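To keep things clear, I will list the structure first and then write my remarks on it.
The values are calculated or read from the model by the stated rules, or taken from the named source; none is laboratory data. Quick caveat: nothing in here was measured; it's all calculated off a predicted structure. With ideal geometry, Cβ positions are generated from the backbone for all residues, glycine too; neighbour counts draw on all protein chains shown. Just the protein is used for accessible areas: all its heavy atoms, side chains included, with ligands, DNA and RNA removed. Shrake-Rupley method; radii C 1.70, N 1.55, O 1.52, S 1.80 Å.
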Amino acid sequence: MKIIIPTETKSQDAPVCPSFGRAPIYAIYDTEGEAYEFLENIAADSSSGAGIKAAQIVADSGADALITYRCGENAANILETAKVKIYKAQQGTIAEHVAMYIDEELPLLTESHPGFHNGGRRGR
Amino acid sequence: MKIAVLSGKGGTGKTFVSVNLACAADKATYADCDVEEPNGHLFFKPVIIDKTAVTVKVPLLDQDRCTRCRKCVDFCRYNALALIKDQLMIFYEMCHSCGGCVIVCPEGALTEEEREIGALEEGLSDEISVITGRMNIGEVSGVPIINEIVKRLPEEDISVIDCPPGSACVVMESIRDADYCILVTEPTLFGVHNLAMVYDLVKLFNKPFGVILNKCMSGENPAEEFCVEKGISILAKIPFDKELGRLNSQGLIAVREDRLYRELFQGILFTIEREVSP
């Protein structure tokens, strides 16, 4: 079972990044090997559609679950198709979130927002 | 001659100036490029002569031909495509209609189809041709619709282009062919801040321009101070006039109702004509 979490730095002690699509790093925890892997998010600099590309990266990583504060509609549609469950991040570090996930303490993320950039609104 | 009317913020009086300026000419075209919320038609109440759909090209997938090679997904810089569990997902609202995915597909699995994003209405109000662009709710970019409006502006006569607020892509598309830009502003700090944005834009586009100070009251006018400081020509000062408010709220055009405003806007037109073709 693989869990993926957006974060700022390559550390299990880092907090969860408030942005999903534009987080610089994804922490991936494998429950079998009990080890972390860190992936640079190449979608972060996209002029538009960062969430779509990031969701593609998550799907390609083979993750079963994503822990995030928020997720755009397009990304949520992709992750649903990819059968990746989305959980809502709480206060705490990456490692603490992994522990909460294993203890089944994390709620599912039930709301997705319509996007902040070109995906949803025009820039005035 | 094409005159674009713009302002950094909404509510400064772009539509008021555009509508009245068009009416001050004997014969003119008024083009409403504020396609998200066109409102010039409320004043002109044009008799609609023609309505055309505006479409953009988006990719259409032939599932049987697609080998899931992912070349299209990797190519799209707008991230309008994703390949998930052998399923190609297309996000139309992200697509910029570049056609690149169709070209890179080695299997010919992608073709282009038209997708409607809005419409143009063309009509007449006395001697004024009125073109209104309307974007469908939920669409992201009005640029293709504005592009269609601008194409329809006649080379002869006077065209007044009522721009969307701001200084983003939709405004750039609206002023691209303009011979002159009018920046409308109001006497507030917010107004000045946004005036500075459109000022930078018209300078970048190398357009001749002037400012209309709208809603002028007694006391200080930071927008006027900005113009004086930058050496920007002030085309007119329009007072914060209760009568204008009354006419506007009734959907009436000041130039058609009031001789003083007719003369004021004819004067502005005259100044611009002299500057554009001396």
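Screening residue A:91 against (1) more than 12 Å from the chain's Cα centre (by Cα); (2) modelled with pLDDT of 95 or more; (3) of a type in the set (S, T, N, Q) leaves a single unmet condition, (2).
Rundown of residues vs (1) under 22 Å from the mean Cα position of the chain (by Cα); (2) polar (S, T, N, Q); (3) open to solvent by 20 Å² or more (accessible area, probe 1.4 Å); (4) not assigned by TED's automatic domain parsing to the domain that holds residue B:164, yes/no style:
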residue	(1), (2), (3), (4)
B:20	yes, yes, no, no
B:24	yes, no, no, no
B:42	yes, no, yes, no
B:49	yes, no, yes, no
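Note on the stretch B:224-259: residues that are hydrophobic (A, V, I, L, M, F, W, C), more than 22 Å from residue B:39 (Cβ to Cβ) and assigned to a helix (DSSP H, G or I) amount to 3.
For the stretch A:1-23, which residues satisfy the criterion of being among the β-branched types (Val, Ile, Thr) and crowded, with 17+ Cβ neighbours inside 10 Å? Those that are among the β-branched types (Val, Ile, Thr) and crowded, with 17+ Cβ neighbours inside 10 Å: A:3, A:4, A:5, A:7, A:16.
Residue-wise test of (1) farther than 25 Å from residue B:165 by Cβ; (2) open to solvent by 30 Å² or more (accessible area, probe 1.4 Å); (3) within 14 Å of chain A (Cβ to nearest Cβ).
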position	(1), (2), (3)
B:73	yes, no, yes
B:81	yes, no, yes
B:84	yes, no, yes
B:88	yes, no, yes
B:112	yes, yes, no
B:144	no, yes, yes
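All conditions but one from (1) part of a helix (DSSP H, G or I); (2) within 28 Å of residue B:57 (Cβ to Cβ); (3) within 13 Å of chain A (Cβ to nearest Cβ) apply to residue B:198; the one that does not is (2).
Looking across the stretch B:148-175, the residues that are out of contact with any helix residue (DSSP H, G or I) (no Cβ under 6 Å at 6 or more places or on another chain), within 24 Å of residue B:78 (Cα to Cα) and surrounded by fewer than 24 Cβ atoms within 10 Å (Cβ to Cβ) come down to B:148, B:166, B:168, B:172. Among the residues in the stretch B:97-109, are any closer than 30 Å to residue A:57 by Cα, of a type outside the set (Phe, Trp, Tyr) and within 13 Å of chain A (Cβ to nearest Cβ)? Yes: one or more hits. Figure legend. Inter-residue proximity from the stretch B:237-260: first residues on the phi > 0 side of the Ramachandran plot, second residues among the aliphatic types (A, V, I, L, M), beta-carbon distance below 9 Å, spacing 6+ or different chains. Indicated pairs: B:251/B:42. Looking at B:177, B:162, B:241 in this structure, which one is among the acidic types (Asp, Glu) and either farther than 24 Å from residue B:43 by Cα or not assigned by TED's automatic domain parsing to the domain that holds residue B:11 (or both)? After applying the criteria, what remains is B:177. Among the residues of the stretch B:227-258, those identified as touching a strand residue (DSSP E or B) at 6+ places or on another chain (Cβ under 8 Å) and open to solvent by less than 40 Å² (accessible area, probe 1.4 Å) are B:227, B:232, B:235, B:236, B:238, B:244.
Applying the criterion of at least 1 residues that are open to solvent by 30 Å² or more (accessible area, probe 1.4 Å), in contact (Cβ under 8 Å) with a residue 40 or more places away in the chain and farther than 27 Å from residue B:74 by Cα to the helices (runs of 4 or more DSSP H) found wholly in the stretch A:24-124 leaves A:94-102. In the stretch B:1-112, counting only strands (runs of 3 or more DSSP E) that sit wholly within it, none holds 1 or more residues that are at pLDDT below 95 and at positive phi.
Each residue in the stretch B:122-142 was checked for being buried (at least 16 other Cβ atoms within 10 Å of the Cβ) and either without any contact (Cβ under 8 Å) to a residue 24 or more places away in the chain or under 21 Å from residue B:171 (Cβ atoms) (or both), and 10 pass. Might you check whether a residue that is within 19 Å of residue A:22 (Cα to Cα) and within 14 Å of chain B (Cβ to nearest Cβ) occurs anywhere in the stretch A:83-97? Looking through the stretch A:83-97, at least one residue is within 19 Å of residue A:22 (Cα to Cα) and within 14 Å of chain B (Cβ to nearest Cβ).
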